[in-house]
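Working notes, structure below.
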Amino acid sequence: MDELAARVGANVRFLRAGSGLSLGQLAARSGVAKSTLSQIEAGTTNPTLATLEALAGALSVDVRELLASIVADAVVTVRRGSGADVSGESSVGELMQSAMVGPSVVEFHRLRLEAGTHEASPSHGAGAREHVLVESGSLEAGPVDARVVLGAGDYASYPGDRLHRFEAVGEEAASYWIVATYPRRLGE
């Protein structure tokens with residue numbers, strides 16, 4: 001199987017499911033035959049540029065999002081100082097992560113968890129993802145079966161579609177940001 005065809009197929013399937021569309025509904029919106037969509041999602045065919053453009057329009061995304069690498073099930077960790085340098089003349093900065101958002105609702109949360117305490121969060125539904133950036137302290141975060149310990153300036157991203165947990169580890173409170181993405185159904 002061609003790696004690019006597999007990636008496009010996974011992206012189309014991810015975006016279609018996250019938008020709450022069946023194969024038939026996406027076929028009707030895009031003008032691409034249902035059988036062709038099935039082959040694209042299976043990664044067994046290479047769609048034309050016109051087909052990619054039609055699918056991107058029907059899914060309300062840019063064609064580049066259909067070609068991009070996605071990490072829908074992975075836990076991604078970026079330690080402070082290891083992001084890409086995006087410093088300017090007067091600023092110092094690093095890009096911690098770029099993410100395909102597609103047709104999603106994005107929420108920003110600033111939180112503080114006292115030392116030695118924890119909280120659990122239930123699934124936010126299929127396709128949900130959380131991005132955590134720690135300001136201060138140490139935080140153990142992520143899905144119950146794949147949590148990581150983050151220090152000040154560290155970043156992690158993980159699926160929000162299963163039980164996940166946060167715990168302030170160490171002697172001080174943990175202050176952190178969560179950016180959560182939730183797929184929205186097209187037309188909402």
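The values are calculated or read from the model by the stated rules, or taken from the named source; none is laboratory data. Every value quoted in this text rests on a predicted model; they were computed, and no experiment measured them. Every residue, glycine as well, gets a Cβ built from its backbone with ideal geometry; the counts of neighbours run over all protein chains shown. SASA here: full protein model, heavy atoms, side chains in, ligands and nucleic acids out. Shrake-Rupley method; radii C 1.70, N 1.55, O 1.52, S 1.80 Å.
Some points to look at:
- Just one of the listed residues (13, 7) is closer than 20 Å to residue 126 by Cβ, open to solvent by 20 Å² or more (accessible area, probe 1.4 Å) and in contact (Cβ under 8 Å) with a residue 40 or more places away in the chain, and it is 7.
- Single condition residue 160 does not satisfy, out of (1) in contact with a Ser or Thr (Cβ under 9 Å, 6 or more places away or on another chain); (2) in contact (Cβ under 8 Å) with a residue 40 or more places away in the chain; (3) of a type outside the set (S, T, N, Q); (4) closer than 15 Å to residue 109 by Cα: (2)
- Residues in region 112-128 that are open to solvent by less than 90 Å² (accessible area, probe 1.4 Å), more than 17 Å from residue 160 (Cα to Cα) and in a strand (DSSP E or B): 113 only.
- When residues of region 16-49 are limited to those that are buried (at least 18 other Cβ atoms within 10 Å of the Cβ), in a loop (DSSP other than H, G, I, E, B) and of a type in the set (Gly, Ala, Ser), the one farthest from the chain's Cα centre (by Cα): 43
- Condition met for residue 80 (open to solvent by 50 Å² or more (accessible area, probe 1.4 Å) and either part of a loop (DSSP other than H, G, I, E, B) or modelled with pLDDT of 90 or more (or both)): yes
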